[in-house]
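Student: Have a look at this one before I ask anything.
The values are calculated or read from the model by the stated rules, or taken from the named source; none is laboratory data. Everything quoted here is computed from the prediction, not taken from an experiment. A quick note on method: Cβ atoms are made from the backbone with ideal geometry, for glycine too, and the neighbour counts reach across all protein chains shown. What goes into the accessible areas is simple: the full protein's heavy atoms, side chains included, and nothing from ligands, DNA or RNA. Shrake-Rupley method; radii C 1.70, N 1.55, O 1.52, S 1.80 Å.
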Amino acid sequence: MNFLEKIKPHLISEDLLIQETVLYALHDYPNVPEEWTNELLTEAFRNEKKLSSTLIYIGNQTINEEAVKILIEKIPKMDKSKLHLAVGLCEQIEPELALKYKEQLEKYIRKDLWSLYKLLVHGTEEQVYSEYGQQLNELENADSFNHDAYIKAKKLAACIVKKGWVTENEIDIVLEEQLKEEWFSFNGILNVYMIGLMNLEKYIPILAKLLVRDDDILLEEVADVLIRFQSDKVVKEVAPYLKQQESVIFASSVIENIKTDLAVQVLRDAYRAATELDEQDLLIEALCHQLSEDALPEIHEHIKKDSTSGLVDIELTFYGYYSILGLEHPEKEDWKNAVLESEQPNPIPSGPVQNEHKVGRNDPCPCGSGKKYKKCCGK
């Protein structure tokens, strides 16, 4: 039974903690069936308790036409406090599809994106490249990271790849120049993104070596591209970086999301070699999200440590793993109760309430970077 077959019976579990585990495990996995996304979306609007986490965690998945219709129907009935989460999903809709439903979606998507969508669908190569250059210039000259400009630049880059306006040779030239520099420019980072869209596997060794770079925006793109390949070649190249403190967070994220026997074995080996508890936590989380019983020896060993993790929701990870695989453990209810207790809102707020629950390590960072908390302020 493969990874998706193990997940399927629990896709819309009535147990909210199992549902969270499913969402975490699928969040960065690139091969989630589109009909699953639609099912998760329908379930989220049916069960208010699932709405926020589902809207956050399906953001990397394909929003197809059926999903668009669900959003159009349900958004007007939403609580305004959660509306921004649905709006975020709307902005992930492919330009052609968004334009098809512009009348219904217009109030949920920023005005500047509508003009961009028209350019992406109808613009010439010269026009698209001109706008791409403007967005890169804005990114490079901003005092701080401009998330909106970055998203626009990524949409433009995707258009350039889709229409065949960039060649492998041009990517070669950009990467060769960037590798000589201490820091990648935004053009360099977006060329990494294009490598994934073009499925250029020859870059796997080069991308793996970038995992030691101290640039989270670059690392996010590198990790996403390596995961996209779903290849044991990636596992082999990334494996050494599981054993280095500066790269273990992103390396474990990559191998966690490549669902092969070799990935499980490499994670097990790295766990055995790790000496720091935080590194072991990350590797155990990655193993649990593989949903492989082969990892039970390492998981049993880690449970005995009875420690509180600074990087991983360890009780939720264990509870979800054992529940999805249908395994019993004497501490299973204790894990469940610990998670439920930690998620209770403070009865006497000391200030404005920002969230119903604590920030999970896999949740988007409250600083607004767009990265997972454990890869950002939670490091």
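Student: So how do 168-174, 11-17 stack up, highest first, on mean other-Cβ count within 10 Å? Don't skip to the end; give the middle numbers.
Tutor: Numbers: 168-174: 13.4, 11-17: 16.0.
Highest-to-lowest ranking by the protection proxy: 11-17, 168-174.
Student: Moving on. Could you tell me the calculated FRET efficiency between GLU125 and LYS236, based on Cβ-Cβ distance and R0 = 41 angstrom, to the nearest 0.05?
Tutor: Efficiency computed from Cβ-Cβ geometry: 0.60.
Student: Considering only DSSP states other than H, G, I, E and B, which trypsin sites (Lys or Arg not before Pro) in the stretch 109-198 qualify as loop sites with at most 15 other Cβ atoms within 10 Å? List each step's numbers first, then the result.
Tutor: Numbers: sites: ARG110, LYS111, LYS118, LYS152, LYS154, LYS155, LYS162, LYS163, LYS180; in loops: ARG110, LYS163, LYS180.
Listed in order of number, the matching sites are ARG110, LYS163, LYS180.
Student: Rolling a 1.4 Å sphere over the protein heavy atoms, what is the accessible area per residue of the chain, to the nearest Å²?
Tutor: The answer is 48 Å² per residue.
Student: At a Cα cut-off below 18 Å, give the lysines reachable from LYS8, other chains included and same-chain residues fewer than 8 away excluded.
Tutor: Cα-Cα hits under 18 Å: LYS50, LYS259.
Student: I've got another one for you. Report the Cα centroid-to-centroid distance between the stretch 144-169 and the stretch 211-234 in angstrom, as an integer.
Tutor: Measuring centre to centre over Cα atoms gives 17 Å.
Student: Which percent of the accessible area of the chain is formed by carbon and sulfur heavy atoms (probe 1.4 angstrom)?
Tutor: 47
Student: Here's another thing I want to ask about it. Over every pair of different alpha-carbon atoms in the stretch 195-247, take the mean of 1/r and invert it; report that Kirkwood radius in Å. If you can, show how the numbers build up before the last one.
Tutor: Numbers: mean 1/r = 0.0905 Å⁻¹.
After inverting the pairwise mean of 1/r, the radius is 11.1 Å.
Student: Another one. In vacuo Debye scattering of the stretch 244-300, one point per C-alpha: log10 I(q)/I(0) at q = 0.20 Å⁻¹?
Tutor: Normalising to I(0) and taking log10 leaves -0.60.
Student: At a Förster distance of 25 Å, what's the computed FRET efficiency of GLU66 paired with LYS107, Cβ-Cβ distance as r, to 0.05?
Tutor: 0.75
Student: For the stretch 133-233, max minus min Cα coordinate along each principal axis, in Å, sorted largest first?
Tutor: 39, 32, 23
Student: Could you list log10 I(q)/I(0) for the chain at q = 0.06, 0.11, 0.12, 0.13 Å⁻¹, which the Debye formula gives when each Cα is one point scatterer?
Tutor: Log10 I(q)/I(0), no solvent term: -0.24, -0.83, -0.99, -1.17.
Student: Could you state the orientation-averaged shadow area of the convex hull built on the Cα atoms of the stretch 204-319, in nm² to one decimal?
Tutor: 6.5
Student: Moving on to the next point. Considering only lysines 8 or more places apart in sequence, or on different chains, count the pairs in the stretch 141-239 whose C-alpha atoms sit under 21 Å apart.
Tutor: Lysine pairs, 8 or more places apart or on different chains, close enough: 12.
Student: Using the charge dipole of the chain (Lys, Arg: +1 at Cβ; Asp, Glu: -1 at Cβ; taken about the Cα centre), state which of LEU41, LEU200, LEU327 has its Cα farthest towards the positive end.
Tutor: Checking the options against the dipole of the chain, the answer is LEU41.
Student: Another question, then. Could you give the semi-axes, largest first, of the ellipsoid that matches the stretch 177-267, computed as the square roots of 5 times the alpha carbon gyration tensor eigenvalues and rounded to whole Å?
Tutor: Computed over the stretch 177-267, the values are 21, 15, 10 Å.
Student: What is the pair-distance distribution P(r) of the stretch 79-132, computed from all Cα-Cα distances in 10 Å bins starting at 0, with each bin given as a whole percent?
Tutor: 23, 49, 23, 6, 0
Student: Between beta-carbons, use under 11 Å as the cut-off and find the net charge around GLU34, counting Lys and Arg +1, Asp and Glu -1.
Tutor: So the surrounding residues net to -4.
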